[in-house]
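This report concerns only the one structure given below.
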Amino acid sequence: MSFFRLDRVAAFGVVAVVIAILPAFLPSYGSFELTYVAAYAIAILGLIILTGKNGQISLGHGAFIAIGGYAVAILATHAGVPYWIGIPAAGIISGLVGIAIGIVALRLEGVYLALATFALAVSVPSLLKRFSGLTGGVGGISLTPIAAPAGVPIDAERWFYYVAWAIAGVLFILTALLLEGRLGRSLRALRDNEIAAISFGVNPHFYKTLAFAWSAAYAGIAGALIAIATAFVSPDSYGFNLSITVLVGAVLGGLESLWGAVLGGLVVEFLPLWAQRINEAAPSVVYGVALVAVMLLMPGGLAGGILRLFRRTRPEASAPGATTHADSSVVAVPVQPVE
Amino acid sequence: MLQRGYDMFNSRRLAAGIAAFVALAFTATAIAPALAEDGVTATEITLGGTDPFSGPASAYGAVGKGSQAYFEYVNDHGGVNGRKIVYKDLDDGYSPPQTVQLTRQLVEQDKVFCIFASLGTATSTAIRPYLNQNKIPQLFVATGASKWAHDAEQFPWTIGWQPDYESEAIIYARNVVKEKPNAKVAIIYQNDDFGQDYVNGFKQGLGSHGNLLVKTASYEVTDPDVSSQIASLKASGADTLLVAATPKFAVQSLVATAQQGWKPQIYLTNVSGSETVMRAATKAGGGPDATNGIISTQYIIDPSDPKWANNPGEKLFKEIMDKYVPGGDTNNAFYLAGMAYAFTMVDVLKSAGRDITRDKAMKAALSLNETDNVFLYPGLKVQTSATNHFPITSEALVRYDNGKWVATGAVIDARSIVKSEK
Amino acid sequence: MQELPQQIVSGLATGSIYASVALALVLIYRSMGVINFAQGEMAMFTTFIAWQLIQLGMPVWAAFGTTIVIAFLGAIALERVVIRPVERASQLTVVIVTLGLLIVFNGLAGFIWGYVIKTFPSPFPTTPITIGGASFNSQDLGIIGVSLASLGLISLFFAKTKVGLAMRAAALYPDQSRVLGIRVSWMLALGWGLAAVVGAISGMMVAPVVFLDPNMMQGIVVYAFAGAVLGGIESPIGAVVGGLVLGVALNLLGTYVEFIGNDLRLPAAFLIIVVVLLVRPAGLFGHVHVRRV
């Protein structure tokens, strides 16, 4: 099957091996931080599906990360639900909310969708504080810290590292598989030229909503992982910055290729932790400049850049950063939702 | 997808790509041996901390900078027990996941001796279990939440410092009940743990007179102004107003109150009680009427108030700011608060002795009897014991009269009020 | 019920803040068809420049004027360097670039001036005025007045001047405009310059009220977006009216609708944006366009 190309399997295999052996070489806080990388990678994977493969802009995915985090926290503290059920539950709950938002998003395009999701992201802390009976309000909710199951001879941080990366790996393969076939083609067709895709029989409502729900579910799972690792959720964790950060990670990592998720996760996790030792404003400036530079010079992000190293042909002409001829005459017109 | 062969040319590039990835992963996570050290060497002792230097709460970052400046001053004057203090203060952006990761870095990579003055209630709560589990002192948490003392049995390695917000609100409530038993009280408060602590404390302080509180209104830090909230509080017919707001919003509250022609008796949180705030409110509020008669409390000196010009703490503050925070705003009380915290920290290090351990430091922190903290309001002490985890419980009640804070003479210990009723 | 006039008047005062920022948003939208997410941060940044000039001893009005010139030239330079390469790219690209600018300006402001809150002198006197039980401030009147004046000037510019006409043509029909000899690219740069000027003015008017710090615009910008959408994202009149209406509406909702109260204003603004975009995307004053396929 063409899916299991040798170079892909080899790449995945090598990365998997590296991830598997890293904790042996790192102190426990290193594994701890890499756990966050896994979570961010999952969230960014969702954005690659939504924005990279389906062309919908979301500045509000922090909302789904919040829903996932709070879902696992509330289930654990109010209903005693263990984490191994809570994590997929968080994904499902976020996915359901994603369907709702996705349906609304059907009628919005481009900048309007960006604007609406931007407003959503900004409202999240208010909503979390308001329903304080459920969410613990401004004080947040403390979660039971992770512990390795009895009989497993590694510490809690490393155990959870493997859990997070295992989930990330499974989702990664699943995503690649699903995008390979008709689902992926339909999403990309809608991204490149919606009118043409519709005329070919692709149902935009179904696929676009699906993309939203799917990416929301991933963000929810990421949120659950972050909440469990931090052992705490509070409204302050889920401000507008989070949505921006995840999108920045997706763009810098690269929206074209799924590997962008891992690279994006690394950037998002380590840039703030290290750049701020130089100067507290440094991460912002570096992020912003990098973002602009990437869009101008290397729209495929880091992954696109690395992939270009060992691909002879140019990547798909219909990557989001490039122009498409069909649209160039229409781009400057204020694009309102049709009817 | 085209099927592409795996030829020799591609495989070299593939290897290069993977090598790049691996190198990235390894450099991103500094490899270090996992030893347990104390953060204490012959010549240095290293403290760690987190502050919001960026993000929505970044105005509080000045506290951390103030502490840093005081430590540098102490270092230049011989250090503590022959050691210099190194304070690694990192920016967590007020976000608990960041705080957790940074704190672990500080403990496991920078090998800090203890965590000092972590700022923020949510952020400090997030790291509390980890620090206590690993028996690392979480000293003098920089917020006015009361939970550090209330939870001391469960988390014995954590202790606060400043008088807590609940206590302060209790003081105001008692004052109302005493001076004006028929008052109708309204509260404007910031919708976070800071503001809600005041509301809870006030209600607690009213006790059986709970009916005196007629209306509360919250605001978000994302609101441009609070004129709407003030309007609805005024409409409730209240004649007393508690302002539990951070400086920017405190000024706005006072100004809106004056503009709308409302003249309640105002109680103001000491977080916003600086002369800078009062001056701004007086100016924008149309004159002294906007601020006359406001009651607040003080526990540290206010660097923007000229009445403290000859106070030794004020002089030291200015000296330190001049030398170690050039360009820093010498009217900003947050810097001074940071120095006050640091003063107590140095005290703890001193009394724990030259062969200091975490255990000894914690014991020293729980047996404080500090009477010489120059940054505190004269007469106030920092005292702790095995049964008392509130280092500072007394505050001076002050009233703003014609452009000046005037001491009412009352120095009230809020915690003893609470204790005496149990 | 006596509270109602006060809530309305306060709403207009707050709304005037939204209106002034919304005006800048609309200007960029009209010239480029994109929403500049960095608008608030650019306004904040230019306000800091004004503050710095005042600190260096420049008299207040001179500082205002200098800042406006700096804003104009700076924005044009920015457009040439950063926006021009992506002028014709997809909406996603432009959104991300403006987001990048948002982050950069916020970070730079924090880096250069720190995060401690600063006071900013008001160009207007701050005398309270009370009419019919409702109180406000001469400063609020000043903000509304300046917004209306800007609005008037901008409307005149677009309707009556050649350059204004050229800008509108360049935005709507770029290819045809090129054929007619209009330098479309420079029209976009001009649009950015004008938007930055309006933004700088709004920042300098707003800073006395909300105080100056790198995060000062973050709350306002969402409401400004909502006001612009409500009034019509293409219409300068819409921006001002939308901002004012939003200010009043949020106050009334917050006061009289228990569920919303004081803490759900942001979600309310979000809902307004979504509902308007779904039901009447052109807003109150805009025109509906049909997209050519």
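Computed from the coordinates by the stated procedures, all read-outs in this text should not be read as laboratory data. Keep in mind that this is a model prediction, so the values were computed, not measured. In this analysis, Cβ positions are derived from the backbone assuming ideal geometry, glycine residues included, and neighbour counts consider all displayed protein chains.
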Among all helices in chain C defined by DSSP H, which have a length of 18 Å or more along the axis from Cα atoms plus a Kyte-Doolittle mean of at least -0.5?
C:3-32, C:39-55, C:60-78, C:91-113, C:138-160, C:184-210, C:216-231, C:236-256, C:265-279
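Relative contact order of chain B: what whole-number percent is it, with Cα pairs under 8 angstrom and at least 6 residues apart?
Details: 785 pairs, mean separation 61.3, N = 422.
Result for chain B is 15 percent.
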How much of the DSSP bridge set in the protein assembly as shown is antiparallel, in percent, rounded to the nearest 5?
45 percent
Mind jotting down the distance between the C-alpha centroids of segment C:104-139 and segment B:64-143, whole Å?
35 Å
Indicate the helices, whole DSSP H runs only, in chain B that combine a mean Kyte-Doolittle hydropathy of 0.0 or more with a Cα extent along their long axis of 24 angstrom or more.
B:8-28, B:333-352
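Most exposed first by the Cβ proxy, i.e. fewest other Cβ within 10 Å, how do A:Arg185, B:Arg415, A:Arg191 rank? Working shown, then result.
Details: A:Arg185 15, B:Arg415 20, A:Arg191 25.
Going from least to most buried by this count: A:Arg185, B:Arg415, A:Arg191.
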Calculated FRET efficiency for the pair B:Gln204/B:Asp359, C-beta based, R₀ 41 Å, to 0.05:
0.70
Averaged over peptide A:255-264, how many Cβ atoms belonging to another chain are found within 10 Å of each residue's Cβ?
1
If R0 is 51 Å, what FRET efficiency do you get for C:Thr161 and B:Asn331 from their C-beta distance, rounded to 0.05?
0.60
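For chain C, what does the relative contact order come out to in percent, with C-alpha contacts under 8 Å and a separation of six or more?
Working: 469 pairs, mean separation 101.6, N = 293.
Reported as a whole number, the value is 35 percent.
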To the nearest 0.05, the calculated FRET efficiency linking C:Leu56 and C:Ala77 through their beta-carbon distance, R0 being 22 Å, is 0.50
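Using a 10 Å cut-off around each Cβ of peptide A:22-29, what is the average number of partner chain Cβ atoms that fall inside?
Numbers: counts 5, 0, 0, 4, 7, 11, 3, 13.
The shielding value for this peptide is 5.
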Along the Cα→Cβ direction, 7 angstrom out, place labels at C:Thr127 and B:Lys323. What is the inter-label distance in nm?
5.1 nm
When a/c is below 1.5 the answer is rounded, else prolate if a/b is larger than b/c, else oblate, so apply that to chain B with a ≥ b ≥ c taken from the square roots of the Cα gyration tensor eigenvalues.
prolate
For the pair A:Phe131 and B:Ser385, how long in nm is the line joining their label points, each one 7 Å along Cα→Cβ?
4.8 nm
Helix-derived mean residue ellipticity, 222 nm - over chain C, DSSP H n ≥ 4, -39500 (n - 2.57), to 500:
-24000 deg cm²/dmol
Would you mind working out the magnitude of the charge dipole of the protein assembly as shown relative to its Cα centre, with +1 at each Lys and Arg C-beta and -1 at each Asp and Glu C-beta, to the nearest 20 Debye?
2140 debye
Packing-based exposure ordering (other Cβ within 10 Å, fewest first) of C:Ile272, A:Ile85:
A:Ile85, C:Ile272
In debye, nearest 20, what is the charge dipole magnitude of chain A about its Cα centre with +1 on Lys and Arg Cβ and -1 on Asp and Glu Cβ, if you could check?
460 debye
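Please report the net charge: other residues with Cβ closer than 15 Å to the Cβ of C:Ala22, K and R +1, D and E -1. All intermediate terms of the calculation are to be shown ahead of the outcome.
Details: positive: C:Arg30; negative: C:Glu234.
Summing Lys and Arg as +1 and Asp and Glu as -1 gives 0.
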Using the count of nearby Cβ atoms within 10 Å as a rough guide to exposure, how do B:Phe202, A:Phe240, C:Phe157, C:Phe72 rank from fewest to most?
C:Phe157, C:Phe72, A:Phe240, B:Phe202
Cut-off under 5 Å, modelled amide H: who pairs with B:Leu47 long-range:
B:Val86, B:Tyr87, B:Lys88, B:Phe113
Where q = 0.08, 0.09, 0.10 Å⁻¹, what log10 of I(q)/I(0) comes from the Debye formula for chain A, counting one point per Cα?
-0.37, -0.47, -0.59
Gyration tensor verdict on the protein assembly as shown (Cα atoms; rounded if a/c is under 1.5, prolate if a/b is larger than b/c, oblate otherwise):
oblate
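What shape does segment A:1-59 have by the C-alpha gyration tensor, where a ≥ b ≥ c are the square roots of the eigenvalues, rounded means a/c under 1.5, and otherwise prolate means a/b greater than b/c and oblate the rest? Walk me through the numbers on the way to the answer.
Details: a/c = 5.34, a/b = 1.24, b/c = 4.31.
Verdict is oblate for segment A:1-59.
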Relative contact order of segment B:301-357, pairs being alpha-carbon contacts under 8 Å that are 6 or more residues apart, as %:
36 percent
Pairing the Cα long axis of helix A:240-253 with the longest principal axis of chain A, what angle in degrees results, from 0 to 90 and rounded to the nearest 10?
60 degrees
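Determine the percent antiparallel among the DSSP beta bridges restricted to chain B, to the nearest 5. Mind showing how you got there, number by number?
Numbers: 16 of 46 bridges.
In chain B, approximately 35 percent of DSSP beta bridges are antiparallel ones.
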Per the charge dipole of chain A (beta-carbon charges, Lys/Arg positive, Asp/Glu negative, Cα centre), the residue among A:Pro149, A:Leu134, A:Ala196 reaching farthest to the positive end is A:Ala196
Of the candidates B:Gly403, B:Ala290, B:Ile188, the farthest towards the positive dipole end of chain B (Lys/Arg Cβ +1, Asp/Glu Cβ -1, centred on the Cα centre) is B:Ile188
Rounded Å value of the spacing that divides the Cα centres of segment B:332-396 and segment B:280-307
28 Å
